[in-house]
Every structure is written in C-alpha cells, then in structure tokens.
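Notes to accompany the following structure.
Laboratory data are not the source of any read-out in this text; all were calculated from the coordinates shown. Everything quoted here is computed from the prediction, not taken from an experiment. Note that we place each Cβ from the backbone using ideal geometry, even for glycine, and neighbour counts take in every protein chain shown.
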Amino acid sequence: GAVVSQHPSRVICKSGTSVKIECRSLDFQATTMFWYRQFPKKSLMLMATSNEGSKATYEQGVEKDKFLINHASLTLSTLTVTSAQPEDSSFYICSARGQAGGRRTGELFFGEGSRLTVL
Amino acid sequence: DAKTTQPPSMDCAEGRAANLPCNHSTISGNEYVYWYRQIHSQGPQYIIHGLKNNETNEMASLIITEDRKSSTLILPHATLRDTAVYYCIVRVIGAGGTSYGKLTFGQGTILTVHP
C-alpha cells in the first residue's frame, strides 16, 4: 500500500486564492521531503527540498514567496500555492525520504500527486 | 547526479519482454542506477535499483554492463498495465543505505504495451 499520501488529489480554485497541499509519510518518519511539479507530457521538475524543522531549499527559478513550504513534523510537509494564478495549474508531487536508521531508511517514496486547476 | 539518456518511446506486445535501455556514460563509482515509472496522472513508482551486479525483483530485472556505462530494464512479460513513462536515474547512496539528496528526472521512455 501507499507509504506517502497527498491530499487533496484534485483541487480547483479561483485566481487569487491560496491552496494548501499536504504530504504525509504514513508508516515512517521522513526527515526530508521533496516537492515536484509536472506539466502535461513533461518530466517532473524539482521545486524544493523540505527538511523537518528548517527552512526549505528552493531550486533556481522557483519563487519561495509563491510556493510556501512547511515541514513542521517528521510525517507532514505542506505546500501552499499563494495567490494562485492559471499558470500555476499543474500536477504537484511530493516524495519523502526515510529517516536514517529508522524504518524505510534512505529510500524515496512518492505521493499520488495533486492536480491543481486555477480558473 | 550523472545524466542519463533514454529513447523517447518504445512499443511492446503484451506478453513479450520489454527491454528498456539507458545510457549513463558519466556515472561515478558511488552512483547507483535507479528505475522508476509513472503511470498517467500518478506519482512515480519505484521499480528496481543496482550498483554493478544484475538485480531482479518481482517487478523487473536490471542488467548493468560491466563498465557501468549503460543498463537495461527488463519487464519479462509485459502487460497493458505496464504502459507508462520509465525513468532511469543515477544517484549516490551514502553509508548505511541513506541516500543523498534529490532525484533528478530526465524525459524518460514512454513504453506502450499493445494487445
């Protein structure tokens, strides 16, 4: 079964609203989570690396004020798309890395993805 | 992480073996070869990984050349549900099984399994 869960799987919102996507590791503690976005027929593009208890590290070209990432616990990271615009419509995917020495050490598991549509 | 090169698309008949190649000529000695696949509108799914020896699990086999500059993922009996984008990625794994950093995805190979 799934070991990383994302919620919601689909969301439609109006321009200007903020949308929060959750990523949870279900049976292990994840010190690091990664957020990707994917456009239709394109590959996954890494947006940011989220470490529990510290600020996220964003990839070049990703606006940190637009895509707020919080990793407050070892099982939950959230991505908030602020003041969403139609060009933010995309498929957002998280992955979680197991804590060293713990259950599922080191391996990366992916969530099911969240499809955001901004009208 | 080393760059990989994969053919953009491949076809395979249902029930036959699907052999997906990957070139990673700049791979370093401490980099593993990973394969993931992504079925439409889902998150990537781990398939298999290896360092230099051939590997097999319930999903697939991984054949790595002796010089480690290329590898082949083999789905022994492809089904329609194996239609997906297959990504070959090389990455470092640290001591104790911990892995370093992010996975960088290339364009992958679109495998289409037809009846």
Counting only DSSP beta bridges with both residues in the protein assembly as shown, what percent are antiparallel, rounded to the nearest 5?
90 percent
Rounded to the nearest 0.05, what FRET efficiency is calculated for A:R115 and B:T72 with R0 set to 22 Å and r the Cβ-Cβ distance?
0.10
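If I stretch the segment between A:I12 and A:S43 completely, what's the gain in nm (0.36 nm per residue apart, minus their alpha carbon distance), one decimal? Before the final figure, lay out the partial values.
Numbers: separation 31, 0.36 × 31 = 11.16 nm, distance 2.24 nm.
Once the chain is fully extended between A:I12 and A:S43, it gains 8.9 nm.
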Potential extension, B:I39-B:N23 segment - 0.36 nm per residue separation minus Cα distance
3.5 nm
Spin-label point model (7 Å from Cα, Cβ direction): what's the A:K20 to B:Y46 distance in nm?
2.9 nm
In the structure shown, of A:K55/B:K52; A:K41/B:K69; A:K41/B:K52; A:K41/A:K66; A:K14/A:K55; A:K14/B:K3, the pairs separated by more than 30 angstrom at the C-alpha atoms are A:K55/B:K52; A:K41/B:K52; A:K14/B:K3
What does the charge dipole of segment B:3-115 about its Cα centre add up to, to the nearest 20 debye, if the Cβ of each Lys and Arg holds +1 and the Cβ of each Asp and Glu holds -1?
280 debye
Share of Cα-Cα pairs in chain B beyond 16 Å, in percent?
57 percent
How much net charge surrounds A:V11 when only the other residues with a Cβ under 15 Å from the Cβ of A:V11 are counted, with Lys and Arg +1 and Asp and Glu -1?
+2
Partnerless Cys - chain A, beta-carbon criterion under 4.7 Å:
A:C13
How much net charge surrounds B:D82 when only other residues with a Cβ under 15 Å from its Cβ are counted (Lys, Arg +1; Asp, Glu -1)?
0
Label points 7 Å out from Cα along the Cβ direction at B:M59 and A:D65: separation in nm?
4.1 nm
So the pair-distance distribution of segment A:1-101, from every Cα-Cα distance in 5 Å bins, comes to percents of 2, 13, 24, 25, 20, 10, 4, 1, 0
Within chain B, cysteines having no neighbouring cysteine beta carbon under 4.7 Å are B:C12
Would you list A:R97, B:R68, B:R16 from fewest to most Cβ contacts within 10 Å?
B:R16, B:R68, A:R97
